[in-house]
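Below is one structure; the comments refer to it alone.
The values are calculated or read from the model by the stated rules, or taken from the named source; none is laboratory data. A quick note: this is a predicted structure, and the numbers were derived from the prediction, not measured. Cβ atoms come from the backbone with ideal geometry, glycine included; neighbour counts cover every protein chain shown.
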Amino acid sequence: MNRRLIAIFSSLVLSVWALGFYMGRRSTVPGEQVLAQARQEASREGSELARREIHEQREQPEESSGGADGESSFGPTTMVADSGAASSGGEPGVAGDAASAGMETSDSSGSGGSSGSVGRIIDIQAALQNALAQSDRNKRWNAINELIQRLAPEQLKEALAMAEGLENERERGALIPMLVGRMAETDPAGAMAYAQSIPDMRIAERAAGSALNTWASKNPNAALSWIRSQPASASRQRWMSDAVGVWAQYDPRSAWTYAGSLSGPERVAAYQRVASGLASSDPAQAALWTMQVGDAAVQRAAAGPVASAWYRTDPAAAQQWINTLPAGETRDAAVASIGRQIAGRDPAEAVEWISTLSNLQTRDQSLEWATRQWMRKDSGAATAWLQQTDLLTDATKQKLLKR
């Protein structure tokens, strides 16, 4: 394996880490952040136009790579850019972007005047050096993401083998999910099979999540059909919820309907995921759908995320909705969610909310936790409240006052 290329990939991943793009948790991986952010923006703004633009981007066909005649000195370890513009025009496109970024390009046919479906070869060394030299954080990320997207499909397995050879676990954990997500654009089932073959379970889960995110954004029914063919497990339930959540970002009604076709914990998790996503743009609609389900488990699971999202944008409307809920687990879930949300900035208000919980055990535990936050922020006011309240036992009060 070319040591120079490994060093370049190591620099790439370490730089991504230095910028904070790698997250050691199950989330949208860096290689898909741009599309994920676009979907979230479309959902938040409720813009049908933005959603259509996302669909159009998702449906653009992959351009095939050029022939071997155009390979650079790095041979097969080059990246292939889609043919976005004629070779001599000023029309914006991939070729123009590469040129403006200082990337060397050449026609894969070796001819300066060819265009159409013929790809352009980009010198990977020059491209990566240019990307990493960007002083602006956003520009650097955009350049890195652009390079990953320009890998030709037939180069992905070679790139993955190289990534697996990296000694640093963080480097592997950042790069492999990005590449698997890219593979899922053209071979989603193959990408999932690859993810499941990864020995490191944490990297395998992130890679599977990356592949499913890509798959569900392009063909949610196919992705969900594949998931349902897998044996029942915690991973399958998580995949189901994630895939439905991606679908809900651009078609919440269809995703909600699909959630109703599931059963057991998968059904509850899917409903919760759709309601949570919808609440960021239309909390009133999310609340209405939640209460129309008629399933106490679903209502209890979804009420918290809906109330929390609603309270962030319109506290009065959120409180009005909560006041319509009967005392019980669903209302408690909504109230507790708001209490947790505001405890850091306004623990006094959080205590006021939590005091209305109907489950006494949950109320007492939550009050103790919120009062600790209050003591750190304003010990005088918290102490005064503790001395006059009858919601906590004397033993709990003394324990809190001693801290």
(request) Run Ser135 past the list (1) of a type outside the set (Asp, Glu); (2) at pLDDT 75 or above; (3) surrounded by 15 or more Cβ atoms within 10 Å (Cβ to Cβ) and report the number of the one that doesn't hold. (result) (3)
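On the basis of being touching a residue at least 60 places away in the same chain (Cβ under 8 Å), of a type in the set (A, V, I, L, M, F, W, C) and either buried (at least 19 other Cβ atoms within 10 Å of the Cβ) or farther than 26 Å from Val274 by Cβ (or both), does Leu179 make the cut? Spell out how you get there, then give the answer.
On the way: touching a residue at least 60 places away in the same chain (Cβ under 8 Å): yes; of a type in the set (A, V, I, L, M, F, W, C): yes; either buried (at least 19 other Cβ atoms within 10 Å of the Cβ) or farther than 26 Å from Val274 by Cβ (or both): yes.
So Leu179 fits the description; yes.
Examine segment 210-226 for a residue that is of a type in the set (D, E, K, R) and either farther than 30 Å from Ser261 by Cα or in contact with an Asp or Glu (Cβ under 8 Å, 6 or more places away or on another chain) (or both), and state whether such a residue exists. It would help to see each step written out before you state the result.
Just the residues of segment 210-226 that are of a type in the set (D, E, K, R), to begin with: 218.
Adding the requirement that they be either farther than 30 Å from Ser261 by Cα or in contact with an Asp or Glu (Cβ under 8 Å, 6 or more places away or on another chain) (or both) leaves 218.
Yes - at least one qualifying residue is present in segment 210-226.
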(request) Scan segment 150-168 residue by residue and report those that are surrounded by 16 or more Cβ atoms within 10 Å (Cβ to Cβ) and of a type in the set (Lys, Arg). (result) Arg150
(request) Can you confirm whether segment 246-263 contains a residue that is buried (at least 24 other Cβ atoms within 10 Å of the Cβ), over 24 Å from Gln292 (Cβ atoms) and not basic (Lys, Arg)? (result) no
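Yes or no, residue by residue, for (1) under 13 Å from the mean Cα position of the chain (by Cα); (2) outside any helix (DSSP H, G or I):
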{"residue": "Gly209", "(1), (2)": "yes, no"}
{"residue": "Ala216", "(1), (2)": "yes, no"}
{"residue": "Pro231", "(1), (2)": "no, yes"}
{"residue": "Gln249", "(1), (2)": "yes, no"}
{"residue": "Glu266", "(1), (2)": "no, no"}
{"residue": "Val274", "(1), (2)": "no, no"}
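Condition check ((1) more than 35 Å from the chain's Cα centre (by Cα); (2) closer than 20 Å to Arg331 by Cα) across all residues:
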position: Arg345; (1), (2): no, no
position: Leu357; (1), (2): no, yes
position: Gln365; (1), (2): no, yes
position: Thr371; (1), (2): no, no
position: Gln388; (1), (2): yes, no
position: Leu391; (1), (2): yes, yes
position: Lys402; (1), (2): yes, no
(request) Please name all residue pairs, on different chains or six or more residues apart, with Cβ atoms under 6 Å, provided the first residue is in segment 151-164 and is in a helix (DSSP H, G or I) and the second residue is among the hydroxyl-bearing types (Ser, Thr, Tyr). (result) Pro153/Thr186
(message) Just the residues that are within 19 Å of Ser233 (Cα to Cα) and free of Cβ contacts under 8 Å to residues at least 12 places away in the same chain, please, taken from segment 182-199.
(response) Ala193, Ser197, Pro199
(request) Quick one: Ser254 ticks every box in (1) within 23 Å of Ala334 (Cβ to Cβ); (2) hydroxyl-bearing (Ser, Thr, Tyr); (3) in contact with a Phe, Trp or Tyr (Cβ under 7 Å, 6 or more places away or on another chain) except a single one, so which number is it? (result) (1)
(request) Pull up segment 370-394, narrow it to residues that are over 20 Å from Asn359 (Cα atoms) and either among the small types (Gly, Ala, Ser) or touching a residue at least 60 places away in the same chain (Cβ under 8 Å) (or both), then point me to the one that is surrounded by the most Cβ atoms within 10 Å (Cβ to Cβ). (result) Ala382
(request) Would you point out which residue out of Ser263, Ser254, Ser358 is among the hydroxyl-bearing types (Ser, Thr, Tyr), at pLDDT below 95 and within 28 Å of Ser233 (Cα to Cα)? (result) Ser263
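What is the residue count in segment 135-150 for residues that are of a type in the set (Gly, Ala, Ser) and part of a helix (DSSP H, G or I)?
Within segment 135-150, the first condition is being of a type in the set (Gly, Ala, Ser), and the residues that meet it are 135, 143.
With part of a helix (DSSP H, G or I) added as a condition, the list becomes 143.
So the count comes out to 1.
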